[in-house]
Each structure stands twice: as C-alpha cells, then as structure tokens.
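Remarks on the structure that follows.
Please treat every number below as a calculation from the coordinates, not as lab data. Keep in mind it's a predicted model, so treat the numbers as computed, not measured.
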Amino acid sequence: KTGMMVSAKKIFSIPKFPDDRETARKAAILTSLLLFLAIVLILSIAATIFIFSRKVESLMVVGFAAGFSLAAYWLLLLKKVKAASLMLLSGIWVVITGLIFTAGGMQSIDAVYYAAIVVMAGLLLGTKATVVFGVLCGLSGMAMVVISTYSAVRFQIFPVPPWAGWLNMCLGLFLIISLMNIALKRLGGALAAVNIELEERLRAENALRESE
C-alpha cells in the first residue's frame, strides 16, 4: 500500500529543475495550463450532457483534447518540457481547428479559442512561437473562408444555438483570463526578484562604504 502511494505521488509530482531556472519557469507555466485545461474539459463534459445536442461527437472532441493533454503531461513528467509544450499546442490546435471547421467555420464563436492558443504559445515557447501559431491560426481561418465560399458541400456537424455559443464564449474567455493571470503573476514575481536583488546590492555597497 505504501509503495502504491509513493508511486502515485511520483506520477502526480512535477519534476524539479534546480539548475535551470528558465526550464523550471516553463514547467510551472505548463503545469498551470494543464490544470486550467482540465477544468475546461470537465466543464465541457457537463455541457455535453446538459446543453450540447451532438453528445457523441462532443465527447469525441473532449476525448481528443484530453488525450493530447495527457500526452503533454507524460512528457512533462519525463522532464521534456519543450516537447510537452509542442505536444499540447499542436494537439489543441488540431482539435480546435477541427471543431471550428465542423461548427460553421469562421462564423462560429469557437474561433475565440484560436486567441487562447496564441497566448499559450507565447507563454510556453516565447515570441517566435506566438508569431508561428498566430500565422497558423490565421491561415487556417482563411482556408475555412475559402472552402465555405467556393464549396457547395456544408461540413457543419455541430449546431451552435445561443446557449451553446454563450458557453463556448465563456470557456474561451476563461482560458484567456487564466493565461493572462499566469503571465501577470510571473511578471510580478520577476519584478519582485529584481527589486530584492537591487536592495541586496545597495546594502552591500552601503556596507562597503561604511567599512572604508
């Protein structure tokens, strides 16, 4: 029993990076993102049961998103932070693109999730990733516009009645607000660390002057 508890604790513990502050920061951000995504997926399951009309298809979308999230978490436990971040971002982009395409294309409120993906990319992989995923999402949206304009076939699987649209908007806003809170907290922590370092230097300089 004790062995099982130790094993479970090891599975759910986040790896430490004492010698690499930047990797430790990204691992902490990725952990927070996975937690917020887990909350969104749980809410999505509840919405599938009580609100969404295409329940089987909606559960499939949730299942794919959960699969990519679990794969990213497993890579994180293996201390492969960059690979975990790429897995999460790429997987969520695939799921969201498929969801938007089958929910009305660029007319769907689900397009708000693209904004969350771009913010996630910036937090996890930096400025270049923000640009790459921003361009990728923009091109995906343009492709959907072209297809809907010139194709006679409609690919809409998910109807988006008012309550479903409102809920999807709220979930998207929840993700974006959560991501911004992570960024602001990290920025506040970095500024606090700089202030502490400056204060220590000033004390050292003052002590040196007094000793002279």
I need to check one value: relative contact order of the chain, counting alpha carbon pairs closer than 8 Å and at least 6 residues apart, in percent.
20
Using only Cα atoms and rounding to the nearest 10 degrees, what angle (0 to 90) does helix 55-77 make with the longest principal axis of the chain?
20
Go ahead and estimate [θ] at 222 nm for the chain from helices alone: -39,500 (n - 2.57) per DSSP H run with n ≥ 4, summed, over the residue count, rounded to 500.
-29000 deg cm²/dmol
Rounded to the nearest 10 degrees, what's the angle between the helix 127-150 long axis and the longest principal axis of the chain, both from Cα atoms, 0 to 90?
10
For segment 82-90, Karplus couplings with θ = phi - 60° (6.51, -1.76, 1.60), whole Hz, Gly/Pro x:
5, 5, 5, 5, 5, 4, 5, 5, 5
